[in-house]
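Below is one structure, written out as structure tokens; the observations come after it.
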Amino acid sequence: MTYTLGMLAIAVFAVTGVVAGGRKDMDILTIVILGNVTAIGGGTLRDILLDVNPIYWIADLSYLWVATAASIAAFFLVPKISRTFRLLEYADGFGVALFSVLATEKTLLLGFSWPVAVLMGMITGISGGMLRDILTARMPMLFSRELYATPVILGCTFFVVTNHLFDFDRYCQLFAISIIFLFRSAAIRWQFTYPGWLTYPGNR
């Protein structure tokens, strides 16, 4: 189940890279590179920080092939489906949910503490999208007013607590993914933000 979800997360994030890059009139090679960077970037950063050797996609090239295949497929299919930014937002939310929970689980299995697991989940979930947005000259979603990292922190925290209680029950994994995706989808749909008193005013 975890391996299958990992492959699905790779494919989904690769598609978000294609959607973002497609709006910049990039060629297919550039799109494939962007899709791969988006798909494997967060997990690569996680493994570097946790000193995991070899990095997951080097140990199993299937991740790289899935990201490449998803990028090529999306290059031809996405323009026929939609050109709206909302597709990118919802796909990103699903990819973030998958990546963050799987990264949290991997960190726990490596023997790290709960806070480190939640932090690694957040870093893994949002880093690939941040790289994608930076490379396509787009404002990273993390810096938007909508709730972005908050659903990840809540979902990953739910995951570590329920795993402690139920010993890595697969339903905990699926519930945590659902919490993050539904929370993020609600934030996109209804533009949930922090209240004004929790927003830094800056210089006006």
* Residues of region 125-162 that turn out to be out of contact with any helix residue (DSSP H, G or I) (no Cβ under 7 Å at 6 or more places or on another chain), closer than 20 Å to Leu88 by Cβ and in a helix (DSSP H, G or I), as a count -> 3
* Structure fact -> Those residues of region 3-27 which are among the hydroxyl-bearing types (Ser, Thr, Tyr) and more than 20 Å from Ile126 (Cβ to Cβ) amount to Tyr3, Thr4
* Do we have any residue at all in region 177-194 that's buried (at least 21 other Cβ atoms within 10 Å of the Cβ), more than 22 Å from Ala11 (Cβ to Cβ) and over 15 Å from the mean Cα position of the chain (by Cα)? -> no
* Number of positions in region 129-149 that are out of contact with any Lys or Arg (no Cβ under 9 Å at 6 or more places or on another chain) and within 23 Å of Trp114 (Cβ to Cβ) -> 2
* Structure fact -> Arg145 passes all but one of the listed conditions (1) out of contact with any strand residue (DSSP E or B) (no Cβ under 6 Å at 6 or more places or on another chain); (2) under 24 Å from Ala20 (Cβ atoms); the exception is number (1)
* Asked: Restricting attention to region 131-160, and to residues there that are without any contact (Cβ under 8 Å) to a residue 24 or more places away in the chain and either hydrophobic (A, V, I, L, M, F, W, C) or in contact with a Ser or Thr (Cβ under 7 Å, 6 or more places away or on another chain) (or both), which single residue is surrounded by the most Cβ atoms within 10 Å (Cβ to Cβ)?
  -> Phe158
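Taken together, the values in this text are just the output of simple stated rules run on the coordinates, not laboratory data. Keep in mind the model is a prediction, meaning the values are calculated, not measured. We place every Cβ from the backbone using ideal geometry, glycine too, and count neighbours over all the protein chains shown.
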